[in-house]
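Student: Below: one structure in structure tokens.
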Amino acid sequence: MPKALITGITGQDGSYLTEFLLAKGYEVHGIVRRSSSIARERIDHVRVDEHHPSARLFLHYGDLADSSSLGNVLAEVQPDEVYNLAAQSHVRVSFDNPEYTADVTGLGALRVLEAVRRVVPKSRFYQASSSEMFGGVQNEAQSESTPFHPRSPYAVAKVYAYWQTVNYREAYGMHASNGILFNHESPRRGESFVTRKVTLAAARIKMGLQDTLFLGNLDSRRDWGFAGDYVEAMWMMLQQEKADDFVIATGETHSIRELLDVAFGRLDLDWKAYVKIDPRYFRPSEVDFLLGDPSKARKAFGWTPKVTFKQLIEMMTDADLKLAERELRAKSRA
Ligand code: NAP
Ligand code: GDD
């Protein structure tokens, strides 16, 4: 049975990748960090008693800031594939916590790479690289050959991790690949990213639980896909004979205004009556335009996205409406 180790298993992508790999017959191990309250909702539904003979999902304490924990877990698990998804992944927050972001998102990747090189050098490695690395103003589709121009501490850290991954491939012959993923979302998306913030607010407004939605820049454009489609691409990359770097995107770009149209429109609401601009949500430097060209991945291993932008936002809005209904029921019982 193949074994995979996932850092960031409790995050959006970690949870979809866990489901995907378990369905493929993998034994899945995840690194979780200690926190004062346990936040594992995204994987609770697939967790069974780790001591049960049929268990195939195991969690290990570790942290991307702690090399020794990474080496110990790798030595214990001996994985065939390592997916490095852990990060301080919020772009706006990275301006407030630049050093921490550099440590976890940048150096953290180096720590995992170095531990893999020392402990399980034959293991295949996936680095969660980001379209934020392209950053600067461009009005055409971004591909593997587009120069990087990072515009936040987060993006700078991701560029560092990207090049460390390339360097470990070239210097040590490791099977190390970068997936340069454009924004991908789902009902499990963190509530402070713009898609989820919008779909949750639209649902709560519909249920009378909220009356205003404060947002920042409505003019930026993103290439938004569905996280469930994107984790398949991560796995496909590691099945290639040769490691390489691939853009994963839909090839379509939409503005925040279009996102608002679809989410509020789904609930027969006009967003203009509820949205207010709050300067706190603007960034010191913004990435105005992201649009990916995924043709290299399509040619190399046949990956294409299945869920459209409209389907994605409607899926998220519907899921958040159920949550809001539950919240309202709980309130009226209290
Ligand atoms: P996410 O939901 O924010 O999940 C991040 C994960 O990293 C969580 O499991 C978190 O654990 C873990 N983590 C944070 N700091 C850690 C540390 N010091 N040590 C160990 N684990 C730590 O992110 P996501 O959307 O799933 O994204 C997955 C990866 O892809 C990230 O690296 C992100 O930067 C990158 N990426 C995401 C997108 C996107 O659109 N979603 C696009 C391109 C690249 P807790 O649960 O304990 O917080
Ligand atoms: N979060 C947030 N909150 N964003 C807002 C808001 C708001 O209230 N109002 C406007 N925006 C705009 C941001 O300025 C940005 O232009 C856009 O919405 C998307 O913001 P996020 O959803 O926070 O995502 P991101 O594009 O900055 O970063 C995400 O995608 C990257 C890939 O391109 C994250 O998942 C990163 O980890 C990932 O690498």
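Student: Using +1 on the beta carbon of Lys and Arg, -1 on that of Asp and Glu, and nothing else charged, what's the dipole of the chain about the Cα centre, debye to 20?
Tutor: 480 debye
Student: Hey, what angle do you get for helix 153-172 against the long axis of the chain, alpha-carbon based, 0 to 90 degrees rounded to 10?
Tutor: 20 degrees
Student: Before rounding to the nearest 500, sum -39500 (n - 2.57) across all DSSP H runs of length at least 4 in the chain and divide by the residue total; then give [θ] at 222 nm in deg cm²/dmol.
Tutor: -12500 deg cm²/dmol
Student: Then there's this: Could you tell me which of 93, 305, 274 has its Cα farthest along the dipole of the chain towards the positive end, charges placed at Cβ (Lys, Arg +1; Asp, Glu -1), taken about the Cα centre?
Tutor: Toward the positive end, the furthest listed residue is 274.
Student: Taking 8 Å as the Cα distance limit and 6 or more residues as the minimum spacing, I'd like the relative contact order of the chain as a percentage.
Tutor: The value is 17 percent.
Student: Ignoring ligands, DNA and RNA, what percent of the 1.4 Å accessible area of region 106-254 is carbon and sulfur?
Tutor: Looking at region 106-254 in its full context, I get 48 percent from C and S.
Student: Put +1 on the Cβ of every Lys and Arg and -1 on every Asp and Glu Cβ in the chain; which of 162, 315, 131 then has its Cα farthest towards the positive end of the dipole?
Tutor: Highest projection toward the positive end goes to 315.
Student: Same structure again: Return the whole-Å distance between the Cα centroid of region 1-67 and the Cα centroid of region 170-239.
Tutor: About 20 Å separates the Cα centre of region 1-67 from the one of region 170-239.
Student: May I ask you to compute the full-extension gain from residue 100 to residue 277, defined as 0.36 nm times their residue separation minus their alpha-carbon distance, rounded to one decimal in nm?
Tutor: Taking residue 100 through residue 277 to full extension adds about 60.9 nm, to one decimal.
Student: How large are Rg and Dmax for region 23-94 when only the alpha carbon atoms are used, in Å?
Tutor: So, for region 23-94, Rg and Dmax equal 13.6, 44 Å respectively.
Student: In region 131-153, which residues have a backbone nitrogen under 16 Å from the label point lying 7 Å from residue 170's Cα in the Cα-to-Cβ direction?
Tutor: What the label zone holds, given the 16 Å backbone N cut-off, is 145-148.
Student: Between the helical axis of 108-119 and the dominant principal axis of the chain, each derived from Cα atoms, what acute angle in degrees is found, rounded to the nearest 10?
Tutor: Helix 108-119 sits roughly 30 degrees off the main axis of the chain.
Student: Given H placed on each backbone N at 1.01 Å, which residues far from residue 224 in sequence or on other chains put an amide H within less than 5 Å of it?
Tutor: Counting only residues 5 or more places away or on other chains, the set is 254.
Student: Give the carbon-plus-sulfur fraction of the accessible surface of region 262-319 in %, rounded to a whole number; probe 1.4 Å, heavy atoms of protein chains only.
Tutor: The computed percentage sits at 53.
Student: Along region 222-232, what does the Karplus equation 6.51 cos²θ - 1.76 cosθ + 1.60 (θ = phi - 60°) give for ³J(HN,Hα), rounded to whole Hz, x for Gly and Pro?
Tutor: 9, 9, 9, x, 9, 4, x, 6, 6, 5, 4
Student: Here's something else I'd like to know. Going 7 Å from the Cα of residue 318 toward and past its Cβ, which residues in region 254-286 have a backbone nitrogen under 17 Å from where you end up?
Tutor: Once the point is set 7 Å along Cα→Cβ of residue 318, 262-268 turn out to lie under 17 Å by backbone N, inside region 254-286.
Student: Then there's this: Amide H neighbours of residue 129 under 5 Å, at least 5 residues apart or on other chains, H built in the peptide plane: list them.
Tutor: Counting only residues 5 or more places away or on other chains, the set is 179, 181.
Student: OK, next. In a shell of Cβ-Cβ distance under 15 Å around residue 295, excluding residue 295 itself, what net charge do Lys and Arg (+1) and Asp and Glu (-1) give?
Tutor: -4
Student: Given R₀ = 56 Å, what would the calculated FRET efficiency be for residue 286 paired with residue 72, taking r from the Cβ atoms and rounding to 0.05?
Tutor: Computed FRET efficiency for residue 286 and residue 72: 0.85.
Student: With no solvent and one equal point scatterer per Cα, compute the Debye intensity ratio I(q)/I(0) for the chain at 0.07, 0.09 Å⁻¹ and report its log10, rounded to two decimals.
Tutor: Evaluating at q = 0.07, 0.09 Å⁻¹ gives log10 I(q)/I(0) of -0.29, -0.48.
Student: A further question follows. I'd like to check one number: the per residue accessible area of region 1-59, probe 1.4 Å, reported in Å² as a whole number.
Tutor: 51 Å²
Student: Shifting gears a bit: Relative contact order for region 173-328: what percent, with Cα pairs under 8 Å and sequence separation of 6 or more?
Tutor: Once normalised by length, the contact order is 38 percent.
Student: Something else about it: With each label point set 7 Å from Cα along the Cα-Cβ vector, what nm distance links residue 327 and residue 299?
Tutor: Roughly 4.7 nm, to one decimal.
Student: Find the Cα radius of gyration of region 177-303, compare it with 2.2 N^0.38 Å by division, and give the number to two decimals.
Tutor: So region 177-303 has a normalised radius of gyration of 1.22.
Student: If you don't mind, another one. Which one of 220, 200, 182 is farthest out on the positive end of the charge dipole of region 176-220, using unit charges on Cβ (Lys, Arg +1; Asp, Glu -1) and the Cα centre as origin?
Tutor: 200
The values are calculated or read from the model by the stated rules, or taken from the named source; none is laboratory data. Since we're looking at a predicted model, the values are computed, not measured. When we count neighbours, we look across all protein chains shown, and the Cβ atoms used for this are built from the backbone with ideal geometry, even at glycine. To get the accessible areas, we keep the full protein, side chains included, count just its heavy atoms, and leave off ligands, DNA and RNA. Shrake-Rupley method; radii C 1.70, N 1.55, O 1.52, S 1.80 Å.
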